[in-house]
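Trainee: This is the structure, below, for whatever I ask next.
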Amino acid sequence: MELELNRINVKLPEGVAPFTHITRNERSGRKQIKKKEEDIAVCECKFDPGKPELACEERCLNVLTNTECTPGYCPCGSYCKNQRFQKSEYAKTKLFKTEGRGWGLLADENIKAGKFIIEYCGEVISSDEAKLRSQTYEAQDLRDAYIISLNANYYIDATRKGSLGRFINHSCQPNCETRKWTVLGETRVGIFATQDIYVGTELAYDYNFEWYGGVNVRCLCGAPNCSIFLGAKSQGFQEHNHVWEDGDDRYTVDEFPLYDSAEDEPLDKVKVTDSTIQETLMTVKTESSGLNNICFGYKYKSFSGSVSARATGNVKSEVKEGDQNAIIVSGPRTNDDFNNGLDTSSAKRAAKRLSNRKQKLFGRRQVNGKRVAQLFASKKVQDELIKCEEERSLATTKLDSVYDEIRPAIEQRERDSLGSLPTNVAEKWIEASCSKLKADFDLYFAVVKNVVCPPPLTNEPNPDP
Ligand SMILES: C[S@@+](CC[C@H](N)C(=O)[O-])C[C@H]1O[C@@H](n2cnc3c(N)ncnc32)[C@H](O)[C@@H]1O
């Protein structure tokens, strides 16, 4: 009976491959577990009949922890606004045909930043089942991939059953993101606007594909910062294609064609032949929410003909043994490879990303401003560079302390199996990172400026009498 209610009839445009439309995940062979009363998260909101619009708004304790209120337990009763997944309170959207990316979804009304747009619904399946299904879909020649990861052990497959959320395409410059929410004790995935979206705009989030082998799939999102291939930002892809940090002479980038600029080489010049169709397996992990979405891609078309080489300046962090983010699997993956990539909780990944970022920020070879200052004859320039270096040192210390300060929050979320970091925590990190980058920039700029345009020699006293 419950499942019957879950399925709804939605009229689809002609040409859309049929699927069953659902508004709640389906779990075959597993009944929804009823939560014990003491486990139900009840917020501390005080309902004010004079201000019903404030019932469970953004300061509600449950909202702050990405948890929906449970009907019958919320102090705001039927006024509670924190049951959007349960009530399918979706934004108005419309299907449309894209150029080269199949169907896409666009906003059919103006959508405010932060608004819940739609749930990514589908069948909840185990990792073994996900692997099996991806192989079956591949054998059936299905091109589009709809399997994303829900957590370390489960996946959502929206291939046969899903909501309109299954039509949202990837963009390297997205206007939405996925977030995990706990709804009546179960984890569900929602798509949220990250900026104001105007009616008629295509909705897109960054799939953040983790590349696990197979061919390089051309990304057609059209964003100016497009990474050109799906998964190109992932470590697996970069290592396979030998895109190393500038100055790393282990590999010569020129030998490994990677970059195919759409401007340099229009798509129609790139031959696509059926014989070049190969399998590819990808992970989609969502940066902003720490979600770790596996997406099984299959039967992507590879491009024959040469592609022009270009070092993209991508940064590669060192591969360490046991580093979950450093799994590279070329060609079909084994079960072990498959599981390895998934065992880390999203919070751990968030922590690892922060830690990687920290390593990148602190571990990179740096210009020592004080030492460079000694190379200049002018005392004025020396003072300027020393000041920049001091400011940079302060920014580094601040970044370091912010990192230590937010670490407990990351670990707490890891213990609670929560995905996204609170906005105030993320903001702190971003602010400190930006100050550090600015301080770096100021120093480098001062060096370059004084090399290119040295100040005129004056009678200033000799700094080294
Ligand atoms: C979840 S589906 C999105 C809906 C799909 N376009 C459709 O028609 O059903 C994901 C698939 O869409 C295609 N796709 C999504 N974003 C893309 C992009 N930026 N460039 C190329 N193909 C994309 C890929 O085939 C991918 O496997």
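Trainee: For the stretch 1-158, what is the convex hull volume of the alpha-carbon atoms per residue, in Å³?
Mentor: 169 Å³
Trainee: First select every other residue whose beta carbon is under 13 angstrom from the beta carbon of C221; then total the charges, Lys and Arg +1, Asp and Glu -1.
Mentor: 0
Trainee: As an exercise, identify the chymotrypsin sites (Phe, Trp or Tyr not before Pro) in the stretch 137-229 lying in DSSP coil whose Cβ has no more than 14 other Cβ atoms within 10 Å.
Mentor: Y198
Trainee: With every protein chain kept in place and ligands, DNA and RNA left out, what is the accessible area per residue of the stretch 26-162? Probe 1.4 Å, answer in Å².
Mentor: It amounts to 54 Å² per residue over the stretch 26-162.
Trainee: With each label point set 7 Å from Cα along the Cα-Cβ vector, what nm distance links S393 and V448?
Mentor: 2.5 nm
Trainee: Where Lys and Arg each count +1 and Asp and Glu each count -1, what net charge lies around F96 among other residues with Cβ under 14 Å from its Cβ?
Mentor: Here the count lands on 0.
Trainee: Taking all protein chains together and a probe of 1.4 Å, list W103, W429 from the most accessible to the least accessible.
Mentor: Ranked list, largest accessible area first: W103, W429.
Trainee: Now for a separate question. Using a Förster distance of 30 angstrom, determine the FRET efficiency expected from the C-beta separation of D48 and K87, and round it to 0.05.
Mentor: 0.90
Trainee: Also, I was wondering about something else. Using the structure shown, list the pairs from K112/K428; K35/K94; K87/K428; K180/K438 with a Cα-Cα distance above 29 Å, or answer none.
Mentor: Correct reply: K35/K94; K87/K428; K180/K438.
Trainee: Another one. Can you list which of the GluC sites (Glu not before Pro) found in the stretch 50-110 are DSSP loop residues with at most 11 other C-beta atoms within 10 Å?
Mentor: Within the stretch 50-110, the qualifying GluC sites (Glu not before Pro) (loop, at most 11 other Cβ atoms within 10 Å) are E58, E99.
The values are calculated or read from the model by the stated rules, or taken from the named source; none is laboratory data. Keep in mind it's a predicted model, so treat the numbers as computed, not measured. All Cβ positions, even for glycine, are placed from backbone atoms using ideal geometry, and neighbour counts span all protein chains on display. These accessible areas exclude ligands, DNA and RNA; they are computed on the full protein's heavy atoms, side chains included. Shrake-Rupley method; radii C 1.70, N 1.55, O 1.52, S 1.80 Å.
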